[in-house]
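The structure under discussion appears below in the form of structure tokens.
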Amino acid sequence: MSATAELGAAVLGCGSIGPLHAEALAGVEGAHLVAVADTRPERAHSLAGRYGVTACSNVDELLALPEVDLVCVCTPSGTHGELGNQVARAGKHVVLEKPVDVSLEAADGVIAACAAEGVVLSVISQHRFDAGVIALKEALRRGDLGPVVLAEARAWWYRAQSYYDSDIWRGTAALDGGALMNQGVHLVDLLIHLLGPVSSVYARGKTAAHKMECEDLALVSIEFESGVLGNLCVTTASYPGAPETLAVTGSSATVVLEAGSVLSWQTDESSSYDLDPGPRGAGPSAASAAAGSRNLAVTAHRAQLQDVVDAIREGRPPTVTGADGRKALELVRAAYDSFCSGQPVRIGLEKAAG
Ligand SMILES: NC(=O)c1ccc[n+]([C@@H]2O[C@H](COP(=O)([O-])OP(=O)(O)OC[C@H]3O[C@@H](n4cnc5c(N)ncnc54)[C@H](O)[C@@H]3O)[C@@H](O)[C@H]2O)c1
């Protein structure tokens, strides 16, 4: 493939999020959708029909297509590592939906396979591309907040029991995890992205309001290596749900993001950040997120997939790497260990490559 050739992209898993990848890819420069696959053939045929591309009924059929250069893995979370491994071994680039997998062993396996095959691996964390997150990251880099002391992230979301009953993998330890692994991992990745490596967590979790194997409520107290303290509260049991928030405060400023947009930006010089249409306009509106089951905008996925395609063409790592996905998973797994032991759990004692 030449540096200027269009990449052939494929979507593996045509359930809820797979079609959004297909829609996002339609607006990505340098790549176009060529095939989709699902073990439920009617889902693959329906999505393929919409875009006029090839429908496959399993991963082997998909990987046998020479026109496929890149595969977006949109299957249940506990299958990401193994399927990503197969994609890499076929010499194709890999995008894994979040989380990278539910097990660190599976995450390490796919990271190693991509490195060995020389293919790009990215894990979806689309909210890194929200305008408010980009503005806050830049402000932290410049030191605008002064020494940071505290970060607090909150997702009071709602999922009806019918969501967990809609498929056998949902809410299970082997294939999904609970509110922290599935929904909370977005905020976990953002906290690490903004505030750096984590040294320990102390967490409590419970299944408060649903019939499911894993937690629908998690409280995680975080200590970053920098000494900053953080707090994360995630639930899918909060009716009717609210847009998620992420706040960072330091000795010179306090910034609060809501659903990826700047809600308030208070500094010692001005009471409020200039809330121009950039930061507020680019994220989903509070109204669209208010139900707590965000009506997912395609924009952020499209931005991340564009970054992945650019990374492949420019021979650089993508903005969100496999190692980034592993760091978020490592925090979630440590929190799960803390749920069980009732003790703080140290993180990062063995660092993964990749
Ligand atoms: N980034 C986000 O905001 C976001 C939002 C929703 C879901 N997700 C993630 O996307 C993944 C899928 O979630 P979903 O809600 O779309 O699930 P889903 O159950 O709606 O869809 C998954 C699809 O994968 C298919 N599938 C399962 N195993 C397969 C295999 N081996 N080969 C081919 N197809 C297979 C299923 O038949 C199903 O159609 C999860 O990891 C989830 O965490 C991310």
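When G146 is tested against the conditions (1) assigned to a loop (DSSP other than H, G, I, E, B); (2) under 24 Å from H301 (Cα atoms); (3) of a type in the set (G, A, S), the lone failure is (2). Among the residues making up the range 176-190, those that are hydrophobic (A, V, I, L, M, F, W, C) and within 9 Å of the ligand (Cβ to nearest atom) are M181, V185.
Residue pairs whose Cβ atoms lie under 7 Å apart, separated by 6 or more positions or on different chains, with the first residue in the range 133-147 and surrounded by 11 or more Cβ atoms within 10 Å (Cβ to Cβ) and the second of a type outside the set (A, V, I, L, M) and assigned to a helix (DSSP H, G or I), are V133/H127; A135/P279; K137/H193. Residues that are within 22 Å of the chain's Cα centre (by Cα), among the hydrophobic types (A, V, I, L, M, F, W, C) and closer than 25 Å to G322 by Cβ within the range 26-82 comprise V28, A31, L33, V36, A37, L70, V71, C72, V73, C74, listed in sequence order. For the range 323-354, the set of residues classified as among the charged types (D, E, K, R) and either within 14 Å of E223 (Cα to Cα) or modelled with pLDDT of 95 or more (or both) consists of D324, R326, K327, E330, R333, D337, R346, listed by residue number. Within the option set Y163, Y202, being within 15 Å of the ligand (Cβ to nearest atom) and either in a strand (DSSP E or B) or surrounded by fewer than 24 Cβ atoms within 10 Å (Cβ to Cβ) (or both) holds for one residue only, Y163.
Out of G196, G132, G143, one residue alone is of a type outside the set (D, E, K, R) and farther than 27 Å from A311 by Cα. It is G143.
Comparison of E29, E23 shows that the only residue that is away from the ligand (no atom under 15 Å from the Cβ), touching a residue at least 40 places away in the same chain (Cβ under 8 Å) and surrounded by fewer than 19 Cβ atoms within 10 Å (Cβ to Cβ) is E29. Of all residues in the range 90-111, those satisfying the criterion of being more than 15 Å from the ligand (Cβ to nearest atom) and assigned to a helix (DSSP H, G or I) are L104, E105, D108, G109, I111. Would the range 175-195 turn up any residue that is touching a residue at least 60 places away in the same chain (Cβ under 8 Å), surrounded by fewer than 17 Cβ atoms within 10 Å (Cβ to Cβ) and out of contact with any Lys or Arg (no Cβ under 9 Å at 6 or more places or on another chain)? Scanning the range 175-195 turns up no residue that is touching a residue at least 60 places away in the same chain (Cβ under 8 Å), surrounded by fewer than 17 Cβ atoms within 10 Å (Cβ to Cβ) and out of contact with any Lys or Arg (no Cβ under 9 Å at 6 or more places or on another chain).
Is there a residue being on the phi < 0 side of the Ramachandran plot, outside the structural domain of E244 (by TED's automatic domain parsing) and under 17 Å from the mean Cα position of the chain (by Cα) anywhere in the range 133-143? No, every residue in the range 133-143 fails to be on the phi < 0 side of the Ramachandran plot, outside the structural domain of E244 (by TED's automatic domain parsing) and under 17 Å from the mean Cα position of the chain (by Cα).
Being more than 16 Å from the ligand (Cβ to nearest atom), among the aromatic types (F, W, Y) and in contact (Cβ under 8 Å) with a residue 24 or more places away in the chain is a property that W156 has. Being closer than 17 Å to M181 by Cβ and either small (G, A, S) or at pLDDT below 95 (or both) is the filter; apply it to the range 51-83 and report the residue that is nearest to the ligand (Cβ to nearest atom). Among them, the one singled out is S77. Out of the range 244-264, which residues are surrounded by fewer than 23 Cβ atoms within 10 Å (Cβ to Cβ) and assigned to a loop (DSSP other than H, G, I, E, B)? Listed by number, the residues that qualify are S251, S252. Scanning the range 156-165 for any residue that is hydrophobic (A, V, I, L, M, F, W, C) and under 19 Å from the mean Cα position of the chain (by Cα) turns up at least one such residue.
The values are calculated or read from the model by the stated rules, or taken from the named source; none is laboratory data. These numbers were taken from a predicted model, which means no experiment stands behind them. Please note: Cβ atoms are built from the backbone with ideal geometry, for glycine as well, and neighbour counts cover all protein chains shown.
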